[in-house]
Amino acid sequence: MKVCLLTHGYPRFPDDTTAPFIESIAETLQQQEDIDVTVLTPDTPQFARSETDSTVNLQTYRYFFPRQLQRLGYSNTLVNDCALKKYVYLLAPFLFISGIFHLFWLSRKHKFDVIHAHWLLPNGFISAVVNRLLKIPYVITLHGSDIFVSKQNLIFKNMAKWTLKHAAMVTSVTPAFLPELAALGVPEQKRCMIPNGVTPSVFSSPSKQRIIELRETLSIPDNCTVVFALGRIVLKKGFNVLIQALPYVREKIQDVRVIIGGDGTDLPRLKTLAEEIGVSDIVHFTGTINRTDVPVYFYLSDLFVLPAVFDPKGNVDGCPIVILEAMACGKPVVSSNISGIPIVVKDGETGILVDEKNVNSLATAIISLLENPTKREQFGRAAQQRIQQELTWTKTVEQFISIYQQNVNKNP
């Protein structure tokens, strides 16, 4: 079976932190018997992959000149994930046209059996146009910002509705988006939830020496417990709620340090907030962390925190994969009881779920785990087992393949 995976986010170079989950899906698909995967993604000035560092047929397409002005996708489209950047309206038509042309050309060349579009716009729409021309069935997977973008204007909404009408199946990483799909006219039999996964072997324990070296690099004393948070620094991650909870945490747990990893448009505000409420001395803002170093941070930490929120414009993550990565490392998770998070974090079993934006509840949950090493170990062990048994990319991909097989050669 020949599968084309259409995306606008993919690691642009080895160890890049941009949409590594898309690469994981593609490579796990490629590992399955009788599956041949081609990935098609827009070009970007930072793209520097070679044929030898990927197991899939990785293709990029140019959509604007000069190359430096190709700024769409790769987490560059939204301002703080709340609003479309102004240049989107200039560049988007060129991306749609070029994407359609290149997908059509590749489909004629490779004779794809199915197209798997990640994100409703632009990739679902591009797939729908090619479907109308070549009758190749397409599947759409929603990851989080899809529904939000489709509501930005009437044109995008109509494009989304037309795209969904002709899709063979629409999958979501969270049940929260299924009612939205129903409202857009997708019948029940054409929508389903398939959770994200993780590759456990990628998050095996690093050497003790690497953990010691990281602790020394960050100047974290041996007697300190460590809280770790990781993600793009944008409003919907809720890192400001974590910072606001720290005065209460430090009142109970004096020897604590907090690591917030990642980069983004909200970082200056977070640093200012930490200084204003007097916790900047216990917070380490690391910036972007290389993918190969991420497991070291997890194993250095005592628990992982991600207080995700619906941002002021209503955007929300589907299911942050970083939570699954923490669980794969055997770490208990404290997170918000919203979107797809309760699907992976079992409250009172693998972590603690709190109400969104509730500073006191978040602080209480963090304190309860920092004060109880036995509970941390118990939750962490249960989290790791849940990942290994239920939430791997292999299991996710098996469900995708089942959908492909049901729709290949079916007249759309």
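The values are calculated or read from the model by the stated rules, or taken from the named source; none is laboratory data. Please read all numbers here as calculations on a predicted model, not as lab measurements. When we count neighbours, we look across all protein chains shown, and the Cβ atoms used for this are built from the backbone with ideal geometry, even at glycine. In case anyone asks, the SASA skips ligands and DNA or RNA and just uses the protein heavy atoms, side chains included. Shrake-Rupley method; radii C 1.70, N 1.55, O 1.52, S 1.80 Å.
Points to keep in mind about this one:
- Options S339, S335, S361, S402: the member that is farther than 20 Å from F21 by Cβ and not aromatic (F, W, Y): S361
- Residues that are among the β-branched types (V, I, T) and out of contact with any Leu (no Cβ under 7 Å at 6 or more places or on another chain) within segment 241-258 comprise just one, V249.
Residue by residue, here is whether (1) among the β-branched types (V, I, T); (2) under 30 Å from N153 (Cβ atoms); (3) out of contact with any Cys (no Cβ under 8 Å at 6 or more places or on another chain) holds:
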{"residue": "Y10", "(1), (2), (3)": "no, yes, yes"}
{"residue": "P14", "(1), (2), (3)": "no, no, yes"}
{"residue": "T18", "(1), (2), (3)": "yes, yes, yes"}
{"residue": "I22", "(1), (2), (3)": "yes, yes, yes"}
{"residue": "S75", "(1), (2), (3)": "no, yes, yes"}
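- Candidates are the residues of segment 2-36 that are open to solvent by 40 Å² or more (accessible area, probe 1.4 Å) and either among the β-branched types (V, I, T) or assigned to a strand (DSSP E or B) (or both); the one that is farthest from T396 (Cα to Cα) is T17.
- Some residue of segment 324-341 being surrounded by fewer than 20 Cβ atoms within 10 Å (Cβ to Cβ) and among the basic types (K, R): no
- Restricting attention to segment 44-74, the residues that are at pLDDT 95 or above, among the hydroxyl-bearing types (S, T, Y) and either open to solvent by 70 Å² or more (accessible area, probe 1.4 Å) or outside any loop (DSSP other than H, G, I, E, B) (or both) total 2.
- Pair list, Cβ under 7 Å, 6 or more apart: segment 1-24 residue without any contact (Cβ under 8 Å) to a residue 24 or more places away in the chain, other residue of a type outside the set (G, A, S) and open to solvent by 40 Å² or more (accessible area, probe 1.4 Å): none
- Segment 297-306, residues that are open to solvent by less than 20 Å² (accessible area, probe 1.4 Å) and out of contact with any Leu (no Cβ under 7 Å at 6 or more places or on another chain): F298, S301, F304, L306
- Filter pass, I220 being under 28 Å from L246 (Cβ atoms) and in a loop (DSSP other than H, G, I, E, B): yes
- Exclusive hit being in contact (Cβ under 8 Å) with a residue 60 or more places away in the chain and in contact with a helix residue (DSSP H, G or I) (Cβ under 8 Å, 6 or more places away or on another chain), set R232, R210, R191, R269: R210
- Residues in segment 225-240 that are open to solvent by 10 Å² or more (accessible area, probe 1.4 Å) and more than 14 Å from the chain's Cα centre (by Cα): T225, L235, N240.
- Qualifying residues in segment 271-284 (those that are within 21 Å of Q254 (Cβ to Cβ) and either touching a Gly at 6+ places or on another chain (Cβ under 9 Å) or of a type in the set (S, T, Y) (or both)) - the one least open to solvent (accessible area, probe 1.4 Å): H284
- Segment 81-127: number of residues that are small (G, A, S), within 26 Å of K313 (Cβ to Cβ) and in contact with a strand residue (DSSP E or B) (Cβ under 8 Å, 6 or more places away or on another chain): 3
- Pick from segment 211-246, criterion touching a Ser or Thr at 6+ places or on another chain (Cβ under 8 Å) and among the β-branched types (V, I, T), ranking: nearest to I338 (Cα to Cα): V234
- Tally, over segment 227-262, of residues that are touching a Phe, Trp or Tyr at 6+ places or on another chain (Cβ under 9 Å) and on the phi < 0 side of the Ramachandran plot: 10
- So T77, is it surrounded by 14 or more Cβ atoms within 10 Å (Cβ to Cβ) and either out of contact with any Leu (no Cβ under 8 Å at 6 or more places or on another chain) or modelled with pLDDT of 95 or more (or both): no
- Residues of segment 121-160 classified as modelled with pLDDT of 95 or more, within 24 Å of the chain's Cα centre (by Cα) and of a type outside the set (A, V, I, L, M, F, W, C), total: 5
- For E371, the stated conditions hold: it is closer than 24 Å to K252 by Cβ and open to solvent by 50 Å² or more (accessible area, probe 1.4 Å).
- Checking V294, V256 one by one, the residue that is over 21 Å from the mean Cα position of the chain (by Cα) and crowded, with 17+ Cβ neighbours inside 10 Å is V256 and no other.
- All of V316, V309 fail the test of being modelled with pLDDT of 95 or more and either surrounded by 16 or more Cβ atoms within 10 Å (Cβ to Cβ) or outside any helix (DSSP H, G or I) (or both), apart from V309.
- Those strands (runs of 3 or more DSSP E) lying entirely in segment 91-200 with at least 2 residues open to solvent by 20 Å² or more (accessible area, probe 1.4 Å) and under 24 Å from I343 (Cβ atoms): 191-193
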